[in-house]
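Visitor: The structure's right below; bear with me while I get my questions together.
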Amino acid sequence: MTVQRSFRLLLVVLVTALVSPACYTLIKHPKVIEEGYQQEVRDRQCTNCHYEDEIWSFHHPPNHGSYPGVQYYDWGYYYQVPWWYESYWYYTPSSSETVPLPGRTYRPADDKSQVGPSGRTLGHPPDSKSYGSSVRTKTSDKEKKGDTKNEKSKKRTVRPRGKKEKEDG
Amino acid sequence: MRKARNAPSDLGGKKKKRMADSPVPVSRTTTRPRFGTFVFAALALTILAVPVSRAQEINEAVTIEDLGFTGRFTVGARPSALAGAYTAAGEDIYSLVYNPAGLARIRRIETSLGFQHKKNNLTNVFYGNDNEVDLSSTRLDAFAAAYPVPTYRGSLVFAGGVYRVMSSDFQILNRGFNTVSETFDDYLLQQTGSIYSYNVGFGVDLSPAISAGASGFMMDGTIKALTQFSYAYPPPFVPGEQESEFLLDDARVDLDGYGATIGIQYHPLSLVRFGLSVTTPIKINLSGDAIEETARYFFNAPGEFTSQRFAIDTDYKIPFRINVGFALSTPNVLFAADVGYTDWAQAEINSRQLKDEDLRPIFNQVIDIRAGAELVLPFMPVRVRAGYAYLPYGLEYLQADRIAGNALTKAEVQTQRQIYAAGCGFLLGRVLIIDAAYEYSLGKRSIGTLVDDRTSHRLILTGSYRF
């Protein structure tokens, strides 16, 4: 009976954690409020405002633990790359090259303006954490003045080491 | 002491005794008696009925074991090769069975299909006479799919699948001269059946270091059990005295059951994982019928043949189970260990626990240990693994004479149940993993007149594709 009670309690905690807005896992992007402007993010344009290694860390926190063999062959692709991941390339440590994902067009690492096969435009990120096409239009003037974050983004990639090696080469 | 040489008029009592000896328990009535009737009967028969009742209940413990309820399988080739140490190490679709929290580590849509081939060997030394039975079967091991929901952060994965978690494939042969009853005994049980578990569940990241999950499952299966036995008295006979009796019992039952599993995985460090999973008590119902035919022969007198149909409707409760796991996952080596606890004393048949005349439980509390290691070969897309499991018997009793329906006798365990496992996995084309595992299990118990020596070989082959 005690075990059943404990089980029910654990189940309640689990369900509560799931439905709680404080849950770590985010299915829906939180609203972005910047300088009195409120925009709901409806599309996956993560790289507009987040660096790719930052996005990567959302799915693979540092202490999340490794998968056996991810640095060899394609174990890393099998285990680690989310199927929805919005990167048009991934890094294979064995070859030190970027390789296009199946069915996707290769995009050079230093070009962030190509249109992906899904039709989404991946423009330069604004200097603020605002999202959406209307926000991009709004911040286009700022981009002309220079975007320090964009400069940083050229040094970042999903797999920092691979990206860096490519750029060094 | 000889078996009672029953006169034909005593057949009813004999039959009732035989019902308790059926491979699948036969309900006494199809409808439950009214409570008042039950109380009156209980008061009237307390002194005489309790010892008989206890003996019959104790016998049902053997039934639970024969049906495979105490021998839960490891499913999936990779978990099997790690001897089932998957509570913390699980990170694929098979986590749905071991610890649903491991589902949260899946990043791609996954489907998996597996088959298993098993060969059992049971050697019974019945009153000094060796009886060896081999039984092989090839069946579906698992078919499952997992869908990771696109997330902005963390992980949420839903999964469903069907897994072969238990097997009721079982054969036993007790043949020899029974020196206690002074009869030539020939007992044969042929039982087939798989118990599949239909699971649905999810895993979710609750924090960067904690994943949790839950799954519910329904169990389904069909079990066929054919029991044939005969016993014959040695001559000389006097006219009218029973010479022998033959019985054929053909039972077919549908199995339905349900339960749930919840669990968490905790990653305090990048290389270290802990896991905890709890499986609720599993409620199982067997319903069906059995046809029993009996022939009795008498010396210089007409024989007797009877045929009866019995309804079967029995409820079982398999106790809760707790697993605690640890995994060390380095880039090249994975080490995993699990400790499981099941209080089999809480097993029930028709809402009653199985206890002897002193109200001591027939089943034991069991702590089992599983450990495995996996090595990644850096020069080719292959991983090799091996595991070992120590699984003490939940039932340390044997039934010396299944024909007579003797109460169980406390057995001496020569070799506790153990599993040695090994396997490998190949990654093909970035998206397909072919895993294979071989499992060898053994265990040996004995009482003065019976030795129960069981070994099995199991081969599991699975393919997992990630989109």
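Visitor: Working only within the stretch B:144-167, note down all residues that are in a loop (DSSP other than H, G, I, E, B) and either touching a Ser or Thr at 6+ places or on another chain (Cβ under 7 Å) or of a type in the set (A, V, I, L, M, F, W, C) (or both).
Guide: If the condition is that a residue be in a loop (DSSP other than H, G, I, E, B) and either touching a Ser or Thr at 6+ places or on another chain (Cβ under 7 Å) or of a type in the set (A, V, I, L, M, F, W, C) (or both), then B:Val149, B:Thr151, B:Gly154, B:Ser155 are the ones that fit.
Visitor: On to the next question. Could you list, in sequence order, the residues of the stretch B:243-263 that are buried (at least 23 other Cβ atoms within 10 Å of the Cβ), farther than 21 Å from B:Met218 by Cα and not acidic (Asp, Glu)?
Guide: Across the stretch B:243-263, the qualifying residue is only B:Ala251.
Visitor: Further question: Check B:Thr342, B:Thr330 and return the single one that is facing another protein chain (nearest Cβ under 10 Å), hydroxyl-bearing (Ser, Thr, Tyr) and either within 23 Å of B:Arg445 (Cβ to Cβ) or surrounded by fewer than 22 Cβ atoms within 10 Å (Cβ to Cβ) (or both). Break it down stepwise before answering.
Guide: Working: B:Thr342 fails: facing another protein chain (nearest Cβ under 10 Å).
B:Thr330 is the lone residue from the list that is facing another protein chain (nearest Cβ under 10 Å), hydroxyl-bearing (Ser, Thr, Tyr) and either within 23 Å of B:Arg445 (Cβ to Cβ) or surrounded by fewer than 22 Cβ atoms within 10 Å (Cβ to Cβ) (or both).
Visitor: Now for a separate question. Please enumerate the residues belonging to the stretch B:339-373 that are assigned to a strand (DSSP E or B) and farther than 23 Å from B:Ala386 by Cβ.
Guide: B:Tyr341, B:Thr342, B:Asp343, B:Glu348, B:Ile349, B:Arg352, B:Gln353, B:Lys355, B:Pro361, B:Phe363, B:Gln365, B:Val366
Visitor: If you don't mind, another one. Does the stretch B:450-465 contain any residue that is surrounded by fewer than 20 Cβ atoms within 10 Å (Cβ to Cβ), of a type in the set (Ser, Thr, Tyr) and more than 19 Å from the chain's Cα centre (by Cα)?
Guide: So far as the stretch B:450-465 goes, yes, one or more of its residues are surrounded by fewer than 20 Cβ atoms within 10 Å (Cβ to Cβ), of a type in the set (Ser, Thr, Tyr) and more than 19 Å from the chain's Cα centre (by Cα).
Visitor: When the residues of the stretch B:137-182 are narrowed to those that are of a type in the set (A, V, I, L, M) and within 14 Å of chain A (Cβ to nearest Cβ), which ends up nearest to B:Ala251 (Cα to Cα)?
Guide: Taking the stretch B:137-182 and keeping what is of a type in the set (A, V, I, L, M), we get B:140, B:142, B:144-146, B:149, B:156-157, B:159, B:162, B:165-166, B:172-173, B:180.
Now restrict to residues that are within 14 Å of chain A (Cβ to nearest Cβ): B:145-146, B:149, B:156-157.
On the way: B:Ala145: 35, B:Ala146: 38, B:Val149: 46, B:Leu156: 45, B:Val157: 42 Å.
Result: B:Ala145.
Visitor: Looking for something polar (S, T, N, Q) and not in a strand (DSSP E or B) - is there at least one such residue anywhere in the stretch B:248-266?
Guide: Taking every residue of the stretch B:248-266 in turn, none turns out to be polar (S, T, N, Q) and not in a strand (DSSP E or B).
Visitor: Looking only at the stretch B:394-415, which residues are in contact with a strand residue (DSSP E or B) (Cβ under 6 Å, 6 or more places away or on another chain), assigned to a loop (DSSP other than H, G, I, E, B) and of a type outside the set (D, E, K, R)?
Guide: B:Gly394, B:Ala400, B:Ile403, B:Leu408, B:Ala411
Visitor: Test B:Ala336 against the criterion of being at the interface with chain A (Cβ under 10 Å from one of its Cβ atoms) and either surrounded by 18 or more Cβ atoms within 10 Å (Cβ to Cβ) or outside any strand (DSSP E or B) (or both), and give yes or no. Break it down stepwise before answering.
Guide: On the way: at the interface with chain A (Cβ under 10 Å from one of its Cβ atoms): no; either surrounded by 18 or more Cβ atoms within 10 Å (Cβ to Cβ) or outside any strand (DSSP E or B) (or both): yes.
So B:Ala336 fails the test.
Visitor: Being away from every other protein chain (no Cβ under 14 Å), surrounded by 23 or more Cβ atoms within 10 Å (Cβ to Cβ) and either part of a loop (DSSP other than H, G, I, E, B) or modelled with pLDDT under 90 (or both), is that true of even one residue in the stretch B:224-239?
Guide: yes
One line per residue, one yes/no per condition, for (1) buried (at least 16 other Cβ atoms within 10 Å of the Cβ); (2) out of contact with any Phe, Trp or Tyr (no Cβ under 9 Å at 6 or more places or on another chain); (3) more than 14 Å from every other protein chain (Cβ to nearest Cβ); (4) of a type outside the set (Phe, Trp, Tyr):
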| position | (1), (2), (3), (4) |
| --- | --- |
| B:Asn364 | yes, no, yes, yes |
| B:Arg370 | yes, no, yes, yes |
| B:Met380 | no, no, no, yes |
| B:Arg383 | yes, no, no, yes |
| B:Tyr388 | yes, no, yes, no |
| B:Ala421 | yes, no, yes, yes |
| B:Cys424 | yes, yes, no, yes |
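Visitor: May I ask you to verify whether B:Ser207 is farther than 30 Å from B:Asn129 by Cβ, buried (at least 23 other Cβ atoms within 10 Å of the Cβ) and of a type in the set (S, T, N, Q)?
Guide: The answer is no for B:Ser207.
Visitor: Residue under question is B:Gly201, and the condition is that it be assigned to a strand (DSSP E or B), more than 14 Å from chain A (Cβ to nearest Cβ) and either among the small types (Gly, Ala, Ser) or under 29 Å from B:Pro281 (Cα atoms) (or both); does it hold?
Guide: In short, no.
Residues checked against (1) of a type in the set (Ser, Thr, Tyr); (2) out of contact with any helix residue (DSSP H, G or I) (no Cβ under 9 Å at 6 or more places or on another chain):
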position: B:Asp401; (1), (2): no, yes
position: B:Ala404; (1), (2): no, no
position: B:Ala411; (1), (2): no, yes
position: B:Gln414; (1), (2): no, yes
position: B:Arg430; (1), (2): no, no
position: B:Tyr440; (1), (2): yes, yes
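Visitor: I'd like to verify a number: residues in the stretch B:70-84 that are in contact with a helix residue (DSSP H, G or I) (Cβ under 9 Å, 6 or more places away or on another chain) and closer than 15 Å to B:Asp368 by Cβ, how many?
Guide: Total satisfying the criteria: 6.
Visitor: Another question, then. For B:Val75, all conditions in the list (1) of a type in the set (Val, Ile, Thr); (2) within 30 Å of B:Leu226 (Cβ to Cβ); (3) surrounded by fewer than 23 Cβ atoms within 10 Å (Cβ to Cβ) hold save one; what is the number of the exception?
Guide: The single condition B:Val75 does not satisfy is (3).
Visitor: Going by the structure shown, is B:Ser277 touching a helix residue (DSSP H, G or I) at 6+ places or on another chain (Cβ under 7 Å) and either crowded, with 16+ Cβ neighbours inside 10 Å or without any contact (Cβ under 8 Å) to a residue 40 or more places away in the chain (or both)?
Guide: Numbers: touching a helix residue (DSSP H, G or I) at 6+ places or on another chain (Cβ under 7 Å): yes; either crowded, with 16+ Cβ neighbours inside 10 Å or without any contact (Cβ under 8 Å) to a residue 40 or more places away in the chain (or both): yes.
Spelling it out, B:Ser277 is indeed touching a helix residue (DSSP H, G or I) at 6+ places or on another chain (Cβ under 7 Å) and either crowded, with 16+ Cβ neighbours inside 10 Å or without any contact (Cβ under 8 Å) to a residue 40 or more places away in the chain (or both).
Visitor: Would you please list the contacts, defined by Cβ atoms under 9 Å and residues six or more apart or on different chains, that run from a residue in the stretch B:381-393 that is on the phi > 0 side of the Ramachandran plot to a residue that is modelled with pLDDT of 95 or more and buried (at least 22 other Cβ atoms within 10 Å of the Cβ)?
Guide: From the stretch B:381-393, no pairs qualify.
Visitor: Of everything in the stretch B:106-136, what is within 14 Å of chain A (Cβ to nearest Cβ), of a type in the set (D, E, K, R) and not in a loop (DSSP other than H, G, I, E, B)? Give them in sequence order. Break it down into steps so the answer makes sense when it comes.
Guide: Taking the stretch B:106-136 first, the residues within 14 Å of chain A (Cβ to nearest Cβ) are B:106-112.
Next, from what is left, pick out any that are of a type in the set (D, E, K, R): B:107-108, B:110.
Scanning the stretch B:106-136 gives a single hit, B:Glu110.
Visitor: Okay, moving on. Can you name the residue in the stretch B:280-291 that is of a type in the set (Val, Ile, Thr) and more than 9 Å from chain A (Cβ to nearest Cβ) and is also surrounded by the fewest Cβ atoms within 10 Å (Cβ to Cβ) among such residues? Can you show your working first?
Guide: First pass over the stretch B:280-291, keeping only residues of a type in the set (Val, Ile, Thr): B:280, B:282, B:284, B:291.
Those still in the list that are more than 9 Å from chain A (Cβ to nearest Cβ) too: B:282, B:284, B:291.
Working: B:Ile282: 22, B:Ile284: 23, B:Ile291: 13.
The selected residue is B:Ile291.
Visitor: How many residues, within the stretch B:72-85, are outside any helix (DSSP H, G or I), of a type outside the set (A, V, I, L, M, F, W, C) and in contact with a strand residue (DSSP E or B) (Cβ under 7 Å, 6 or more places away or on another chain)?
Guide: Number of matching residues: 3.
Visitor: I'm trying to understand the selection: among the residues of the stretch A:71-87, which are surrounded by fewer than 20 Cβ atoms within 10 Å (Cβ to Cβ) and modelled with pLDDT under 70?
Guide: Scanning the stretch A:71-87 gives a single hit, A:Glu86.
Visitor: Spot the failing condition for B:Ile195; the list is (1) of a type in the set (Val, Ile, Thr); (2) surrounded by 18 or more Cβ atoms within 10 Å (Cβ to Cβ); (3) modelled with pLDDT under 85, and only one is missed.
Guide: (3)
The values are calculated or read from the model by the stated rules, or taken from the named source; none is laboratory data. Keep in mind the model is a prediction, meaning the values are calculated, not measured. Using ideal geometry, Cβ is built from the backbone for each residue, glycine included, and neighbour counts are taken over all protein chains shown.
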